[in-house]
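Since the structure comes first, as structure tokens, the remarks are kept for the end.
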Amino acid sequence: MDESTAAPEVRVVESPAALEQLLAEHPDYDVQLESLNQWQLAWRRFKRHRMAMVGSAMFLTMVAVGIFGPMIWSYNYYNVPLPDQFVHAGRPPMLSPFHPFGETMLLQRDVFTLVVNGIRLSLLIGVLATVIATTIGTFIGSVAGYFGGFLDTVLMRIVDALLSLPLLFLILVFSRFLGAGSWVTVTLIFALFGWMSIARLVRSVVLSLREADWVDAARAAGVSDMRIIFRHVLPNALSPIIVAASLSVAGVIIGEAFVSFLGYGVNPSTPTLGNILSGAQDALTEGNWWWAFFPGMAIVIIVMGINFMGDGLQDALDPRAKI
Amino acid sequence: MTPQTEQALVDSVPADSPNGVSAGTQPDVMLEVRNLKTYYPIYGGILRRRIGSVFAVDDVSLTISRGERYGLVGESGCGKTTLGRTILRLEKATGGSVTLDGEDLLAIRRSQLHRMRRKMQIIFQDPYGSLNPRMPVSDIIGEGLIAQADRENGWSKRAVRDKRVGDYLEAVGLRRDYSRRYPHEFSGGQRQRIGIARALSLGPEFVVCDEPVSALDVSIQSQILNLLSDLRTQFNLTYLFIAHNLSVVQYFCERIGVMYLGKIVEVAETDVLYGNPLHPYSVALLSAIPIPDPRQRKKRLVLKGDVPSPANPPSGCRFHTRCWLRERLGNPAECSTTEPPLRTFQSGHQVACHFAEQVSADVVQETAAKQDVIETAAAEPD
């Protein structure tokens, strides 16, 4: 390595078969094994997990729609274009060339535009609430698990108390009194009441990891507690956290849809998949099924995609799994 | 025996035990442990109140000279690992004192303790559990360097650290460029070498080896033992070598302490202990060493019953419930009422037994012959 004069040409192959082929063409090549770190190995396993790849494709498509869709089909609640033809029940998908998902009842808004914008906001709420909840939960869980003792008891009793409250009721009450209708409020409510299960999960993992010899080795070298938590313990607890977080995104999206459906969630002026469904309630009886069907399908695709992905992550991140 | 005389006996721990430092100079004390206690609370009942303690380490005193290899043996659960960890302050001591190189580790301030951690390090038993699987070797070894970085050593600089990591990898017989690899790419023996490099990279003077070879293949065991031996001369190390393999300790250590139920029952130089053990427990322990020759028959002294619970140790001598000598002497009351102090015999041979004078090779043979359980090393040869 040190005495190389000219930079050698480096080719990277991933499979033994590819290596054999390359060596057949260039028998003079030197072979060196490059080690993969844990994440590279996990990515390999993930790539081979068919359902996980399907799920990721579903989820990432929806994310792309959520990010780029509203740029093209922006939704303005105060500027609904007049329909070119007045139909009380709205027109179904086939009969309205510029409205692939049909029109809503009464106002004859474009369902496609609603869904695209709804996906954006639902995903935003789901991801944001999960990020906040996971951060809080990871911090509290790791502190409780690592330090143990009195601190652990206090924190875990708080978790128990919060978990014993009826979540749905709380969300309804809070969204009513904390600026009802704003998506920020809804996000914060889901974040503030969603971290407890993550905290419990992280605590249990940290509880076993803190007994590891490598943690003792770090303590014997004088590494600080916070650094041990963040550098030694949490990286090893990351796999279950990632899996739980990915599943939590799905949970929040469903939860938001549920709350919005009940009319306590986000205002219809900013469409989410939930409040679109909520608006479609009465229309269903009039035969306007497409108003409810397309946002419903969007929820199904997102949640199913995330669940498949979470399953795959669980398998891929298991360090005991082979290749 | 009064506490004063007991203390006097502890004080009389000889400083003239053999050591690897040049002969002639008075060997100085590296580690002095006095009356160290580590108790773990037991909680129970509805209110989770403290209802008892596990006496893991109970009133242990020992002295290790600079450069010495001190072996600590005893069966599983006797508290030898806890003792090692308490000395390094990885476990909270309940009482006593630990003096390393003149500094009282249990009384010292936090910042001073942090600095002292350079001087004392530990090598673990399990080569698989002792390396963080998410870190490359450079970080595994480098973490300690970062934690102990100061202006003098410049370990906060990546380049300085990388060089030191490489140096120590070479010192333990690994290649420099292994530093980029992850633990799962190494064999057990290699991992143990990485663990040793991690401990030594801080430049310690005192190293606790917590069964460093127990989890390894026999062929690898000798490699690691020789490596530890070489490193000791190279870096002037003092070892507290914890093990349950008596042959390993005999090979490796100069002085040995035998532990039973949280107490040290016998301390002697290796040859003295193996040639002439004076505590009935040590006698039984040593007779359990297997002989690697299936044709040779050997009467073993088999102890009756199990080790009592360290949460509820027997009164008086802790060994009296299983002691063959006590049985032979007709169960003297002293054994179950008075705790025997460590008494010093010639050349620093210390024994905690009221009747150590009664132990001799003849007595042992006679007792072993009388046992109803006949244990042989292997099947009957023709």
Quick check on the stretch B:113-124. Is at least one of its residues under 16 Å from residue A:220 (Cβ atoms), of a type in the set (S, T, N, Q) and touching a Pro at 6+ places or on another chain (Cβ under 6 Å)?
yes
Counting only residues that are small (Gly, Ala, Ser) and in contact (Cβ under 8 Å) with a residue 24 or more places away in the chain, which one in the stretch A:35-66 is farthest from the other protein chains (Cβ to nearest Cβ)?
A:66
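Listed residues B:191, B:161, B:198, B:176; which is surrounded by fewer than 22 Cβ atoms within 10 Å (Cβ to Cβ) and under 15 Å from residue B:136 (Cα atoms)? I'd like the intermediate steps shown before the answer.
On the way: B:191 fails: surrounded by fewer than 22 Cβ atoms within 10 Å (Cβ to Cβ); B:161 fails: surrounded by fewer than 22 Cβ atoms within 10 Å (Cβ to Cβ); B:198 fails: surrounded by fewer than 22 Cβ atoms within 10 Å (Cβ to Cβ).
Only one candidate passes the filter, namely B:176.
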Return the total of residues in the stretch A:200-227 being more than 9 Å from chain B (Cβ to nearest Cβ) and either modelled with pLDDT of 95 or more or part of a helix (DSSP H, G or I) (or both).
12
The number of residues in the stretch A:232-262 that are within 7 Å of chain B (Cβ to nearest Cβ) and surrounded by fewer than 24 Cβ atoms within 10 Å (Cβ to Cβ) is 2
Just to be sure, is residue A:161 outside any loop (DSSP other than H, G, I, E, B), out of contact with any helix residue (DSSP H, G or I) (no Cβ under 6 Å at 6 or more places or on another chain) and hydrophobic (A, V, I, L, M, F, W, C)?
yes
Return the total of residues in the stretch A:82-106 being touching a Lys or Arg at 6+ places or on another chain (Cβ under 8 Å) and modelled with pLDDT of 75 or more.
3
Those residues of the stretch A:218-239 which are under 23 Å from residue A:196 (Cβ atoms) and either in contact with a Ser or Thr (Cβ under 9 Å, 6 or more places away or on another chain) or among the acidic types (Asp, Glu) (or both) amount to A:229, A:230, A:233, A:234, A:237
Residues of the stretch B:227-242 classified as in contact (Cβ under 8 Å) with a residue 12 or more places away in the chain and not in a strand (DSSP E or B), total:
10
From the list A:302, A:306, which one is under 15 Å from residue A:120 (Cα atoms), in contact with a Gly (Cβ under 9 Å, 6 or more places away or on another chain), assigned to a helix (DSSP H, G or I) and among the aliphatic types (A, V, I, L, M)?
A:302
Subset of the stretch A:258-272, residues of a type in the set (A, V, I, L, M) and within 15 Å of residue A:120 (Cβ to Cβ), comes to A:266
Of the listed residues (A:179, A:148), the one being in the same structural domain as residue A:209 (by TED's automatic domain parsing) and either at pLDDT 85 or above or surrounded by 15 or more Cβ atoms within 10 Å (Cβ to Cβ) (or both) is A:148
Yes or no: the stretch B:120-134 includes at least one residue that is more than 10 Å from chain A (Cβ to nearest Cβ) and either buried (at least 16 other Cβ atoms within 10 Å of the Cβ) or of a type in the set (A, V, I, L, M, F, W, C) (or both).
no
Go through the stretch A:231-287 residue by residue and tally those that are closer than 20 Å to residue A:110 by Cβ and among the acidic types (Asp, Glu).
2
Quick one: in the stretch A:32-67, of everything that is in a loop (DSSP other than H, G, I, E, B) and in contact with a helix residue (DSSP H, G or I) (Cβ under 7 Å, 6 or more places away or on another chain), which residue is surrounded by the fewest Cβ atoms within 10 Å (Cβ to Cβ)?
A:35
Residues of the stretch B:147-202 that turn out to be more than 10 Å from chain A (Cβ to nearest Cβ), in a loop (DSSP other than H, G, I, E, B) and not charged (D, E, K, R), as a count
10
Would you please list the contacts, defined by Cβ atoms under 7 Å and residues six or more apart or on different chains, that run from a residue in the stretch A:280-300 that is farther than 17 Å from residue A:260 by Cβ to a residue that is assigned to a helix (DSSP H, G or I) and not aromatic (Phe, Trp, Tyr)?
A:290/A:93; A:290/A:111
Residues (free of Cβ contacts under 8 Å to residues at least 24 places away in the same chain and not polar (S, T, N, Q)) located in the stretch A:240-279:
A:261, A:263, A:277
Output for Cβ contacts, cut-off 6 Å, separation at least six or different chains, first residue in the same structural domain as residue A:269 (by TED's automatic domain parsing) and in a loop (DSSP other than H, G, I, E, B) in the stretch A:78-92, second modelled with pLDDT of 70 or more and of a type in the set (Phe, Trp, Tyr), reads A:92/A:290
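Here is a yes/no grid of residues against (1) surrounded by 14 or more Cβ atoms within 10 Å (Cβ to Cβ); (2) small (Gly, Ala, Ser); (3) in contact (Cβ under 8 Å) with a residue 40 or more places away in the chain:
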residue	(1), (2), (3)
A:184	no, no, no
A:194	yes, yes, yes
A:204	yes, yes, yes
A:212	yes, yes, no
Where residues in the stretch B:72-119 are away from every other protein chain (no Cβ under 14 Å) and among the hydroxyl-bearing types (Ser, Thr, Tyr), which of them is farthest from residue B:57 (Cα to Cα)?
B:99
All positions within the stretch A:279-309 that are of a type in the set (S, T, N, Q) and either surrounded by fewer than 23 Cβ atoms within 10 Å (Cβ to Cβ) or touching a His at 6+ places or on another chain (Cβ under 8 Å) (or both)
A:281, A:285, A:307
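The values are calculated or read from the model by the stated rules, or taken from the named source; none is laboratory data. Every value quoted in this text rests on a predicted model; they were computed, and no experiment measured them. FYI the Cβ positions are ideal-geometry reconstructions off the backbone, even for glycines, and counts take in every protein chain you see.
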